[in-house]
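The values are calculated or read from the model by the stated rules, or taken from the named source; none is laboratory data. These numbers come from a predicted model, not from an experiment. Reconstructed Cβ throughout: ideal geometry from the backbone, glycine too, with neighbour counts over all protein chains shown. Ligands, DNA and RNA are excluded from the accessible area calculation, which covers all protein heavy atoms including side chains. Shrake-Rupley method; radii C 1.70, N 1.55, O 1.52, S 1.80 Å.
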Amino acid sequence: MGQSASTALITSRRDSNRSSSHRSKSKFTVPIIPMQVEEQTEFIFCEGPDYISDLPDECLACIFQSLNSGDRKHCSLVCRRWLRIEGQSRHRLSLNAQSDLLPLVPFLFSRFDSVTKLALKCDRRSTSIGDEALVAISSRCRNLTRLKLRSCRELTDAGMAAFAKNCKALKKLSCGSCTFGARGMNAILDNCASLEELSLKRLRGITDGAAVEPVGPGLAAASLKTICLKELYNGQCFGPLIIGSKNLKTLKLFRCSGDWDKLLQVISDRVTGMVEIHLERLQVSDTGLAAISNCLNLEILHLVKTPECTDMGLVSIAERCRLLRKLHVDGWKTNRIGDDGLSAVAKYCPNLQELVLIGVNPTKISVELLASNCQNLERLALCGSDTVGDAEISCIAAKCVALKKLCIKSCPVSDHGMEALANGCPNLVKVKVKKCRAVTCECADWLRTKRGSLAVNLDCGEPEHQDASASDGGLLENVVEFHSVANQMPLPSIASSSTGRSTSFKSRLGLLSGKNLVACTFRRWSGGNSSSRG
């Protein structure tokens, strides 16, 4: 058509004859037919029914819940009805927990009155919310089931106690870099009888050594299934809680001071149903591992930088914990765990599906036993080993028929060993090779050509000191504690942000990103395939 750029909008004359009752309904205009009149393009628009306005609130709420945070914010600006429904249907909220949040609490939680999962995060250089704000929030969110606190340093035991009385339905609590102490924790445990997961990191209020008040067990002990303690100066004060949690399935202890052997002996005598245990940079020896072996249902074990643990302790675990599915060992290049311990695992743990060895030096003896006996082995990582070479890789290629993922880092492997993968491991779908100088790009290209369905990732960088501990993957770990707290409040003053993090933290983040190949790789690989029964 295109004769003139100017157009006239002609509304149907029938509109003028509509009754007043029809005028009250919401309508929208749609183009119907383009017409040519005296060389001018004209469009006739007529009003049609607004079907969206006829949708029940529940349907709109379901639609909003399938959108990401940004789209939800845009939808809330369409009209007052959408603003109301979007607020009432939002169950997850993450707020910047600075002190100026207090006057906004009534407005926020009158709009978001259905929140059950809340994250309160404060920048380390800012003043956080105090007890008054937390109590005000808890009085408006009595159905809260998950709470995540980060760097809320102004909260005290009194504030946590008042919160616990208002939010008795709490199921998951995660606290990091807060300053309340044992009394606040005991208030939570005494009032929140449905608590299932507890994660604490750098709880500054528990630093008084022997004078600190014991934590637990409380009413929550009967329901607790997961306890994670990180970087606590006196983490052993949680002993009564762990011992009293008869239904505990997962115990994670990272960099907590003190000798844990004796406490692990008591724990394993009282709590025998655990299926997952993580020990990292902990003062624990073979005595503690022998105690853990009483957990006959153990399926997942992580031993990371525990230099006092030797083959003897791993043998005791293997002989009794025969349901073991996942084993991660970071030997810290102490050579205290090697062929003897791994041979015992191969002999007694035929259900092993995932094996990660960092700074451990197995030889062909144990590798061959693992490959032959563990027919369900699907994921294998060998990192920073001086003894894993072409012979060991060739053995894996020949005998690990179920293997799907293979990661090799800083090992004396060459093209010859990699070539064995061309005809071995029939179920292999992904290979990662990093800092193995004798493996060339030509070999990787040849392997891709030979096995078209195999993903081969090669990084020929220089070898470096290995530090792929599980807690370095803590950046991914908070997802376990608190998934999808991404639906944030569309107000710039309270929106959660990472821009305030210190330069030192960012530099540490960059350092960890280069050291996390194995930890991050296997979190992704194993996340969708299997999980603990707890």
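Could you check the range 165-213 and list, in sequence order, the residues that are part of a helix (DSSP H, G or I) and over 25 Å from the mean Cα position of the chain (by Cα)?
Those that are part of a helix (DSSP H, G or I) and over 25 Å from the mean Cα position of the chain (by Cα): Lys165, Asn166, Ala182, Arg183, Gly184, Asn186, Ala187, Asp190, Asn191, Gly209, Ala210, Ala211.
Name the residues in the range 179-213 that are at pLDDT below 90 and of a type in the set (A, V, I, L, M, F, W, C), would you?
Within the range 179-213, Ile206, Ala210, Ala211, Val212 meet the criteria.
Of all residues in the range 112-144, which are of a type outside the set (A, V, I, L, M, F, W, C), over 18 Å from Arg202 (Cα atoms) and touching a residue at least 40 places away in the same chain (Cβ under 8 Å)?
Of everything in the range 112-144, just one residue is of a type outside the set (A, V, I, L, M, F, W, C), over 18 Å from Arg202 (Cα atoms) and touching a residue at least 40 places away in the same chain (Cβ under 8 Å), namely Lys117.
Which residue pairs have Cβ atoms closer than 7 Å, lie 6 or more positions apart in sequence or on different chains, and pair a first residue in the range 426-438 that is without any contact (Cβ under 8 Å) to a residue 40 or more places away in the chain and on the phi < 0 side of the Ramachandran plot with a second residue that is open to solvent by less than 20 Å² (accessible area, probe 1.4 Å) and not in a loop (DSSP other than H, G, I, E, B)?
Leu428/Leu406; Leu428/Leu421; Val431/Leu406; Val431/Leu421; Val431/Val456; Val433/Ile408; Cys436/Ile408
Looking at the range 136-178, which of its residues are under 26 Å from Gly87 (Cβ atoms), hydroxyl-bearing (Ser, Thr, Tyr) and open to solvent by less than 40 Å² (accessible area, probe 1.4 Å)?
Ser138, Thr145, Ser174
Applying the selection to the range 110-135, what residues are open to solvent by less than 20 Å² (accessible area, probe 1.4 Å) and within 24 Å of Ala187 (Cα to Cα)?
First, the residues of the range 110-135 that are open to solvent by less than 20 Å² (accessible area, probe 1.4 Å): 112, 115, 118-120, 122, 128-129, 133-134.
Within the range 110-135, Val115, Leu118, Ala119, Leu120, Cys122, Ser128, Ile129, Ala133, Leu134 qualify.
Quick check on my filter: what residues within the range 237-257 are outside any helix (DSSP H, G or I) and open to solvent by 20 Å² or more (accessible area, probe 1.4 Å)?
Lys246, Asn247, Lys249, Lys252, Arg255, Ser257
Are there any pairs with C-beta distances below 9 angstrom linking a residue in the range 389-415 that is closer than 15 Å to Cys436 by Cβ and of a type in the set (Lys, Arg) to a residue that is open to solvent by 30 Å² or more (accessible area, probe 1.4 Å) and part of a loop (DSSP other than H, G, I, E, B), with the two at least 6 apart or on different chains, and if so which?
Within 9 Å, the pairs are Lys409/Pro463.
Condition first: touching a Lys or Arg at 6+ places or on another chain (Cβ under 9 Å) and not in a strand (DSSP E or B). Now tell me which residues in the range 225-234 satisfy that. Outline the logic, then answer.
Taking the range 225-234 as the starting set, the residues that turn out to be touching a Lys or Arg at 6+ places or on another chain (Cβ under 9 Å) are 225-233.
Lys225, Glu231, Leu232, Tyr233 - these are the residues of the range 225-234 that are touching a Lys or Arg at 6+ places or on another chain (Cβ under 9 Å) and not in a strand (DSSP E or B).
Against the definition (open to solvent by 10 Å² or more (accessible area, probe 1.4 Å) and closer than 23 Å to Val329 by Cα), how does Gly216 come out, yes or no?
So Gly216 fails the test.
For the range 342-365, which residues satisfy the criterion of being open to solvent by less than 40 Å² (accessible area, probe 1.4 Å), over 20 Å from Cys411 (Cα atoms) and either among the small types (Gly, Ala, Ser) or in a helix (DSSP H, G or I) (or both)?
Passing the criteria: Ser343, Ala344, Val345, Ala346.
Looking at the range 366-391, which of its residues are in a strand (DSSP E or B) and closer than 17 Å to Gly338 by Cα?
Selection gives Leu380, Ala381, Leu382, Cys383.
Where the second residue is assigned to a loop (DSSP other than H, G, I, E, B) and open to solvent by less than 10 Å² (accessible area, probe 1.4 Å) and the first is free of Cβ contacts under 8 Å to residues at least 60 places away in the same chain and among the charged types (D, E, K, R) and lies in the range 211-233, which pairs have Cβ atoms under 9 Å and are six or more apart or on separate chains?
Within 9 Å, the pairs are Glu213/Gly181; Glu213/Ile206; Glu231/Leu203; Glu231/Cys256.
Name the one entry in Asn351, Asn294 that is touching a Leu at 6+ places or on another chain (Cβ under 8 Å) and over 18 Å from Arg255 (Cα atoms).
Unique residue meeting the criteria: Asn351.
Just to be sure, is Gly338 over 29 Å from Glu442 (Cβ atoms) and either of a type in the set (Lys, Arg) or open to solvent by less than 50 Å² (accessible area, probe 1.4 Å) (or both)?
yes
So which residues in the range 298-322 are farther than 20 Å from Cys383 by Cβ and either in contact with a Cys (Cβ under 7 Å, 6 or more places away or on another chain) or touching a residue at least 40 places away in the same chain (Cβ under 8 Å) (or both)?
Leu298, Glu299, Ala318, Cys321, Arg322
For Thr272, are the conditions met, namely being out of contact with any helix residue (DSSP H, G or I) (no Cβ under 7 Å at 6 or more places or on another chain) and of a type in the set (S, T, N, Q)?
Yes, satisfied.
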